[in-house]
1. Could you please let me know if Ile31 is closer than 24 Å to Arg108 by Cβ, assigned to a helix (DSSP H, G or I), β-branched (Val, Ile, Thr) and out of contact with any Lys or Arg (no Cβ under 6 Å at 6 or more places or on another chain)?
2. Which is at pLDDT 90 or above, surrounded by fewer than 19 Cβ atoms within 10 Å (Cβ to Cβ) and more than 25 Å from Pro166 (Cα to Cα), of Val58, Val51?
3. Does the range 113-125 include one or more residues that are loosely packed, with under 12 Cβ neighbours inside 10 Å, in a loop (DSSP other than H, G, I, E, B) and not assigned by TED's automatic domain parsing to the domain that holds Leu29?
4. Look at the range 6-19 and say how many of its residues are under 23 Å from Lys103 (Cβ atoms) and β-branched (Val, Ile, Thr).
5. Name every residue in the range 126-144 that is small (Gly, Ala, Ser) and in a strand (DSSP E or B), in order of residue number.
6. Out of Tyr43, Tyr26, Tyr67, report the one residue that is touching a residue at least 60 places away in the same chain (Cβ under 8 Å) and in a helix (DSSP H, G or I).
7. Evaluate the following for Ile151: is it in a loop (DSSP other than H, G, I, E, B), in contact (Cβ under 8 Å) with a residue 12 or more places away in the chain and more than 30 Å from Gly36 (Cα to Cα)?
8. Could you list, in sequence order, the residues of the range 17-74 that are closer than 30 Å to Asp128 by Cβ and of a type outside the set (A, V, I, L, M)?
Amino acid sequence: MDSYIYVMTALIPIAASMLVFQVNPYHALVIRGILGAVSALVYTVLGAADVALTEALVGTLLAVSLYAVAVRSSLVFQLGIVKDSESDPQFQEVAEKFRNIFKPWHLRVELLLYPDHESLQQALLNKDIHATCIRSSAYHTTTRLHRLYEILQPELGETDVSYLNPTQVEVHS
C-alpha cells in the first residue's frame, strides 16, 4: 500500500538530478516545474497540505515564471552594426550564420543599429553591445568578450573575427 509513496518520493532526487545536468535552459524550466509538482504531490500524500500549496504556488508557479523571464532576457547576443549594413543581402547571410553559430548555446542574436562607425566602436567600448560587425572587403567581427571570441573564431576563421580587450583600451567620453 505504501509502495506508491516510495515511488513518488524517489522521483524527487531523479528530477533534481535531471535538472542539475540539463544544459538547455528551457528544458530545465520544464523539469523544474515537474520537480515542484512531484514535491507538492509528496507533501500532500504525507499530510502537509499547507506546505504542498505553498510549494505549488510559490516554489513552482512563481519560480518558473520568474526563471522564464530571466532566461528569455539574458540569453541574447547583441551585435552592433552600421545602419546601412542592415539592407545588404550579404549581411543577411552573415546574420544567419551568427544565428546558426549560437543556436547550440541557445543565444538569440539581436541586431542593434548605429548611425556611423565611431558610435558603433564607442558602444563596444562602453559595453552596450557584445560585438560589432563591420564591412571592409568582407564582414569583420570584433568582440569584447573572450568566450564569444572562442566560439566565433573556429566558425568564422581568424580573418573574420578579432578580440578587443576592453581593459587595455582607453575610453574617451
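The values are calculated or read from the model by the stated rules, or taken from the named source; none is laboratory data. This is a predicted model, so every value here is computed, not measured. When we count neighbours, we look across all protein chains shown, and the Cβ atoms used for this are built from the backbone with ideal geometry, even at glycine.
1. Numbers: closer than 24 Å to Arg108 by Cβ: yes; assigned to a helix (DSSP H, G or I): yes; β-branched (Val, Ile, Thr): yes; out of contact with any Lys or Arg (no Cβ under 6 Å at 6 or more places or on another chain): yes.
The answer is yes for Ile31.
2. Values: Val58 fails: at pLDDT 90 or above.
Just a single option satisfies the conditions, and that option is Val51.
3. If we filter the range 113-125 for residues that are loosely packed, with under 12 Cβ neighbours inside 10 Å, which is where we start, we get 115-118.
Subset that is in a loop (DSSP other than H, G, I, E, B): 115-116.
Going one step further and asking which of them are not assigned by TED's automatic domain parsing to the domain that holds Leu29, we end up with 115-116.
Checked the range 113-125: at least one residue is loosely packed, with under 12 Cβ neighbours inside 10 Å, in a loop (DSSP other than H, G, I, E, B) and not assigned by TED's automatic domain parsing to the domain that holds Leu29.
4. Step one: list which residues in the range 6-19 are under 23 Å from Lys103 (Cβ atoms), which gives 18-19.
Then keep just the ones that are β-branched (Val, Ile, Thr); that gives none.
So the answer is 0.
5. Let us first name the residues in the range 126-144 that are small (Gly, Ala, Ser), namely 131, 136-138.
Residue satisfying the conditions is Ala131 alone.
6. On the way: Tyr43 fails: touching a residue at least 60 places away in the same chain (Cβ under 8 Å); Tyr67 fails: touching a residue at least 60 places away in the same chain (Cβ under 8 Å).
Only one candidate qualifies: Tyr26.
7. Values: in a loop (DSSP other than H, G, I, E, B): no; in contact (Cβ under 8 Å) with a residue 12 or more places away in the chain: yes; more than 30 Å from Gly36 (Cα to Cα): yes.
No.
8. Quick first cut of the range 17-74, residues closer than 30 Å to Asp128 by Cβ only: 23-26, 28-29, 65-74.
The answer is Asn24, Pro25, Tyr26, Ser65, Tyr67, Arg72, Ser73, Ser74.
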